[in-house]
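Here the structure is laid out as structure tokens; the discussion comes afterwards.
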Amino acid sequence: MTDCDTLLLALLDTDWRPRGIVPLQPDWRGTFGRLLAMDGQWLALIQQRAAGTSCLPRPDDIMLTRLLARRLRPLDMHLADHVIQAGPARFSFRAEGLL
């Protein structure tokens, strides 16, 4: 993950349709406070990169996915997917069997 990546958490309904978007910030408490107020169980991490860069995950992307999944468990929330978008290209952790 680079400093220019944008990270968003999409709160999903039971059919995995987006219900709301929360920017992922360094202050986990503020981010999770907003998610808890939205009352959902499933989330998708959306990582947006600049067009022309690779959408393949880097080691720190994988570490972020694992950390987020661990932090969600005690809140009875689950990570549905981590999608990396770079222009028209995208990579889905779930589709690639990494989640």
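Details
- Search result, residues across region 33-54 that are farther than 13 Å from ALA10 by Cβ and surrounded by 17 or more Cβ atoms within 10 Å (Cβ to Cβ): ARG49
- Scanning region 53-99 for residues that are of a type in the set (Ser, Thr, Tyr) and either under 10 Å from the mean Cα position of the chain (by Cα) or closer than 23 Å to ASP27 by Cβ (or both) yields a count of 1.
- Among the residues of region 29-43, at least one is modelled with pLDDT of 85 or more, touching a strand residue (DSSP E or B) at 6+ places or on another chain (Cβ under 7 Å) and not polar (S, T, N, Q).
- The set of residues in region 1-55 that are in contact (Cβ under 8 Å) with a residue 40 or more places away in the chain and of a type in the set (D, E, K, R) comprises ASP5, ARG49.
- Cβ pairs under 9 Å, 6+ apart, first in region 80-99 and in contact (Cβ under 8 Å) with a residue 60 or more places away in the chain, second outside any loop (DSSP other than H, G, I, E, B) and of a type in the set (Phe, Trp, Tyr): ALA80/TRP42
- The single condition among (1) loosely packed, with under 14 Cβ neighbours inside 10 Å; (2) assigned to a loop (DSSP other than H, G, I, E, B); (3) touching a residue at least 40 places away in the same chain (Cβ under 8 Å) that ASP60 does not satisfy is (2).
- Filter result for LEU72 (out of contact with any Ser or Thr (no Cβ under 6 Å at 6 or more places or on another chain), buried (at least 18 other Cβ atoms within 10 Å of the Cβ) and closer than 23 Å to GLN41 by Cβ): yes
- Entirely in region 1-57, the strands (runs of 3 or more DSSP E) that have 3 or more residues that are in contact with a Gly (Cβ under 8 Å, 6 or more places away or on another chain): 6-12
The values are calculated or read from the model by the stated rules, or taken from the named source; none is laboratory data. Since the structure is predicted, the reported quantities are computational estimates derived from the model, not experimental observations. Backbone-built Cβ (ideal geometry, glycine too); neighbour counts: all protein chains shown.
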